[in-house]
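Engineer: Let me begin by handing over the structure; questions about it come next.
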Amino acid sequence: MNRLTAFALATTCLIATPSLADAQPGLKHASPELAAVTRDTFYDVVVPLAKAEGTVVMYNFAGSFADTWNEGLLKRFEAKYGIKVVYSDVKGDQADQQLIAVQKAGQDSPVDAYFAGGGDYPILAPSGVIGNVNLGAILPNLATVQSQFKDVVFGVDVHGTYPIVHRNQTAIGYDSAVVSDADLPKDFDALLAWSTSHPHQFAMTLPAKGGSGGGFLFSAALNYTTGDCRARLLDYSKTKDDNEDFALNDTCLTPVWDYFGKLLDSAELTNGNADTLNLINNKQAAIGTVWEDQVLTFLRAKQLPESFRLTLLKNGQVGSGDAFFVPTNAVHPAAAMLLINEAFGMEFQAYKMETKASRSPRNDFDATKVSAETRKYLLPDAVYPSLSVPANWPMANALAKALDEKILSKR
Amino acid sequence: MIGLHRRPRLELALLLLPGAGFLIALFGFPLLTALLGSFGLVGDDPALTLKFYARIFTSAVLLRSLATSLYYGVVPVVVTLVLAIGLALALRRHFAGRKLFNGLYKIPMAVPGIIVALLVLTLIEQGGFFDRLLLPLGLKLPKMVRDPWGIGVIAATTWKQLPFMTLVITGAFAAIPEDIRQAARTLGAGSIRTFLRVELPLALPGITAAVLLTFIGSMGSFAIPDLVGAPNPLPLSVRMVRAFAEGDMGQVFAIGMVLSAFAFAVLIAYYALTSNVGAAKGDSR
């Protein structure tokens, strides 16, 4: 190739690139065929493109999920399509900031498919990190995913860009060898009474350090408020500052702070969800705030007694979930979409439910997909899903800060 | 090049450039960015503000966090200092197995803080390894993890920092000429008096250096207080990571600057102390 040809080619590329990018505002590196793909044409269009890309880079923010991805999805995906998956476990907070920085610098994303915290959308979206492609409308395996897990996620309209692939549930965990069903608190008042009569036997994860504690705090706030106050707690449209101002100053939350003022006289605050479970495993606590999926992980690793069981308090406890998305500047967008589609497949959804108590967002998923052995460690049908309430993590975080200011800093 | 010799300042600057440039690029720019960020001057809409500092010094929560950081900075250093001086003095003597001990006591230096925290959780947590050992005897360990006095944090930090401080202090004592020690003894000073009035002052620069570095390390440490410390109040280092998780970078920078300010204050105190020692030495001659 002579210099003139090279110059002409480079000039053509320079001219062509912006027009291509303009035509595909969703994903920077999407070809025109990929940008025009529909659910019906998905496999015909995406599979060849993905194979041509040859590689997909995946980030996983959830430490306990590494085996699930590798054994349940990635090996099978590589064998099925011959596409290499470069997998990395990341710390979600750091990876979020990395992607935001990369996006601001206009560089290519280091990751193509990112399994991120469900509550991270408000952090990632304003910087344009999340590719504006409606996965919910395009991916075949998302056809049966409920709208609340792909269109309006935790009250935020995500336009199908941030679908929830793994659902989890906060709960009350207890050692049934220590706490009988008759003594088991059924609501928030009963839990306070139990904790008062059994000092340091109720372990509560500090809300600032773990979602089960934050979820418990938010659930208690819903329990002790009514009318406009309760509606305000479930208002997802407010800014972080608005939420913090409300949590700190609104008098309608007084019953909530009264509750925690009393509860924390007898409860044991812990440094994280694992810390709470370890305390129960060490027989130093009998009841604690937990995540359903984490409990199963601990049970499988023999880090909790076989007698450990779960329940939900009346008026409900927070359910949440984590999402998959394609970053705007992903280098392998077709392979990323194919991988995400596989993650929503029935086979993998059943696998993660069986191994991780990871609930499925698909409405055609039922309990028969899970063994009887696993079912005994899950939330019983009597309380789940009827007592599961959606999370509002920005508000839960604001309440956690207010708890610090109003209760903890005065102790 | 001949021209450069006529401009010694320029020549000096060019000679220093590789080293100083490296420091400026790796430490200076990030520090400057953090400083600007703490005043709201970094980001999409930069605007000068003191609100991040105001939060630290007006919020009851953050003021308690600052106090906790200072507590976690000072107390482990005091405990480590006492133990390190004792260990350094012991290592001067000959005893059976001294060589082996001299190697073994340095092991904690190679162990990351997070492993030390997990070690503490496994061993001295209520219901942990030692508690289970004591159970048949009807005994129970006091609460040392998540306790309000931070005993677990102090124990873990001390264990981690003891070898470093001992190494530095051993070196400081070893640098004192034997003649001076002998002279003091010849002039009638007992061993304790010789230690307190002669050896300790002469070793002070080394000791203060060790104290300074361990203080900075323990005040800014994250893993140990995060896993072993009381959930309330949290030290600033833990709050800083929380702020980072929320994308509140202004607050992250401000907390970082406050922690750095304390480190710099200790650094200045170190120079003041050691220069006084130097002056005192000069006077005595």
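Engineer: Per residue, how big is the convex hull of segment A:241-372 when only Cα atoms are used? Give it in Å³.
Structural biologist: Details: hull volume 26.5 nm³, N = 132.
Cα convex hull per residue, to the nearest whole number: 200 Å³.
Engineer: What is the percent of Cα-Cα separations in segment B:6-79 that go past 14 Å?
Structural biologist: 75 percent
Engineer: In degrees, nearest 10, range 0 to 90: what is the angle between the Cα axis of helix A:42-53 and the longest Cα principal axis of chain A?
Structural biologist: Approximately 70 degrees, to the nearest ten.
Engineer: Right, here's the next one. For chain B, which DSSP H helices look membrane-span-like by this rule: Cα extent along the axis of 18 Å or more and mean Kyte-Doolittle of at least 0.0?
Structural biologist: Numbers: long enough: B:8-23 (22 Å, 1.31); B:60-92 (48 Å, 1.82); B:151-174 (33 Å, 1.28); B:200-220 (29 Å, 1.70); B:249-284 (52 Å, 1.17).
The qualifying helices are B:8-23, B:60-92, B:151-174, B:200-220, B:249-284.
Engineer: Is there a simple number for the mean count of other chain Cβ atoms within 10 Å of the Cβ of residues in B:244-253, and what is it? Walk me through the intermediate numbers first.
Structural biologist: Working: counts 4, 11, 7, 11, 1, 2, 0, 0, 1, 0.
That average works out to 4.
Engineer: Here's another thing I want to ask about it. Mind checking which lysines have their Cα closer than 29 Å to the Cα of A:K302? Skip sequence neighbours fewer than 8 apart in that chain.
Structural biologist: A:K75, A:K91, A:K186, A:K209, A:K283, A:K352, A:K356, A:K369, A:K376, B:K140, B:K143
Engineer: So, one more: What distance in nm lies between label points placed 7 Å from Cα along the C-beta direction at A:L248 and B:L10?
Structural biologist: The modelled label-to-label distance comes out at 5.5 nm.
Engineer: Working with all protein chains in place, sort B:L162, B:L35 by solvent-accessible area computed with a 1.4 Å probe, largest first.
Structural biologist: On the way: B:L162 35, B:L35 70 Å².
Highest to lowest solvent-accessible surface, that is B:L35, B:L162.
Engineer: Here's something else I'd like to know. Please list the non-local residues whose amide H lies under 5 Å from the amide H of A:A285, H modeled 1.01 Å from N, same-chain partners needing a gap of 5 or more.
Structural biologist: Residues meeting the criterion, in which the H sits 1.01 Å from N, are A:I280.
Engineer: Can you tell me the FRET efficiency between A:R76 and A:K283 if r is taken as the Cβ-Cβ distance and R0 is 56 Å, rounded to the nearest 0.05?
Structural biologist: With a Förster radius of 56 Å, E is 0.90.
Engineer: Step by step: find N for the protein assembly as shown, compute 2.2 N^0.38 Å, then divide the Cα radius of gyration by it. What's the final number?
Structural biologist: Taking N as the residue count of the protein assembly as shown, the ratio is 1.13.
Engineer: Within 10 Å, count the other beta carbons around each residue, average over each peptide in A:275-282, B:89-96, and list them highest first.
Structural biologist: For the peptides A:275-282, B:89-96, the packing ranking is A:275-282, B:89-96.
Engineer: Further question on the same structure: Could you work out how much longer the chain between B:F222 and B:H94 gets when fully extended? Use 0.36 nm per residue separation minus the Cα distance between them, nm to one decimal.
Structural biologist: Residue separation times 0.36 nm, minus the Cα-Cα distance, leaves 42.3 nm.
Engineer: At 222 nm, what helix-only mean residue ellipticity would chain B give, in deg cm²/dmol to the nearest 500, using -39500 (n - 2.57) for each DSSP H run of four or more?
Structural biologist: On the way: 15 runs with 207 residues, N = 285.
Theoretical 222 nm ellipticity from helices: -23500 deg cm²/dmol.
Engineer: For chain A, what D do you get in µm² per second when you plug the Kirkwood radius from alpha-carbon pairs into Stokes-Einstein at 4 °C and 1.567 mPa s?
Structural biologist: Taking Rh from Cα pairs, D becomes 57 µm²/s.
Engineer: Taking the Cα atoms of segment B:23-154, what is the range of coordinates along each of the three principal axes, in descending order and whole Å?
Structural biologist: If we take the Cα atoms of segment B:23-154, the spans are 64, 40, 23 Å.
Engineer: At 7 Å along the Cα-to-beta-carbon direction for both A:E33 and A:K104, put a label point, then send me their distance in nm to one decimal.
Structural biologist: 3.8 nm
Engineer: Then there is this: Report, please, the projected area of segment A:333-396 averaged over directions, based on the convex hull of its C-alpha atoms, in nm². Write out the running numbers ahead of the final one.
Structural biologist: Numbers: hull surface 24.8 nm².
Convex hull of Cα atoms, orientation-averaged projection: 6.2 nm².
Engineer: Mind giving me the FRET efficiency for B:L118 and B:F264? R0 is 35 Å, r the Cβ-Cβ distance, nearest 0.05 is fine.
Structural biologist: With R0 = 35 Å, the Cβ-Cβ based efficiency is 0.65.
Engineer: Here is a further query. Calculate the radius of gyration of the Cα atoms of segment B:137-269 to one decimal place, then report Dmax, the largest Cα-Cα distance, as a whole number, both in Å.
Structural biologist: In order Rg, Dmax, the Cα atoms of segment B:137-269 give 20.4, 66 Å.
Engineer: Moving to a separate point now. Put A:V86, B:V238 in order of accessible area, largest first, 1.4 Å probe: what do you get?
Structural biologist: My answer, sorted largest first, is A:V86, B:V238.
Engineer: Let me ask you something else. On a C-alpha basis, how far is the centre of segment A:249-326 from the centre of segment A:145-178 in Å? Whole number, if you could?
Structural biologist: Cα centres, segment A:249-326 to segment A:145-178: 16 Å.
Engineer: Relative to the longest principal axis of the C-alpha atoms of chain A, give the angle of the C-alpha long axis of helix A:346-356, reported between 0 and 90° and rounded to the nearest 10°.
Structural biologist: 40 degrees
Engineer: What net charge is computed for the residues neighbouring A:I407, neighbours being all others with C-beta under 12 Å from the C-beta of A:I407, Lys and Arg scored +1, Asp and Glu -1?
Structural biologist: On the way: positive: A:K262, A:K401, A:K406, A:K410, A:R411; negative: A:D258, A:D265, A:D404, A:E405.
Taking every other residue near A:I407 into account, the sum is +1.
Engineer: Using only the alpha-carbon atoms, how far is helix A:393-406 inclined from the longest principal axis of chain A? Give it as 0 to 90 degrees, nearest 10.
Structural biologist: Approximately 40 degrees, to the nearest 10.
Engineer: Peptide A:266-273: average number of partner chain Cβ atoms within 10 Å per residue?
Structural biologist: 3
Engineer: Follow-up question, since we're still on this one. Relative contact order of chain B, please, whole-number percent, based on alpha carbon pairs below 8 angstrom and at least 6 residues apart. Working shown, then result.
Structural biologist: Working: 292 pairs, mean separation 75.1, N = 285.
About 26 percent, as a whole number.
Engineer: What do you reckon, how do B:W159, A:W393 stack up by accessible area (1.4 Å probe), largest on top?
Structural biologist: So the residues, ranked largest to smallest area, are B:W159, A:W393.
Engineer: Could you grab the relative contact order for chain A? Cα pairs under 8 Å, six or more apart, rounded to a whole percent.
Structural biologist: 27 percent
Engineer: Please average, across the residues of B:124-131, the number of beta carbons from any other chain that are within 10 Å of each residue's own beta carbon, and give a whole number.
Structural biologist: 3
Engineer: While we're here: Given labels modelled 7 Å from the Cα in the Cβ direction, how far is it in nm from B:L196 to A:K51?
Structural biologist: 8.6 nm
The values are calculated or read from the model by the stated rules, or taken from the named source; none is laboratory data. Just so we're clear, the structure is a prediction, and the values are computed from it rather than from any experiment. Cβ atoms come from the backbone with ideal geometry, glycine included; neighbour counts cover every protein chain shown. SASA here: full protein model, heavy atoms, side chains in, ligands and nucleic acids out. Shrake-Rupley method; radii C 1.70, N 1.55, O 1.52, S 1.80 Å.
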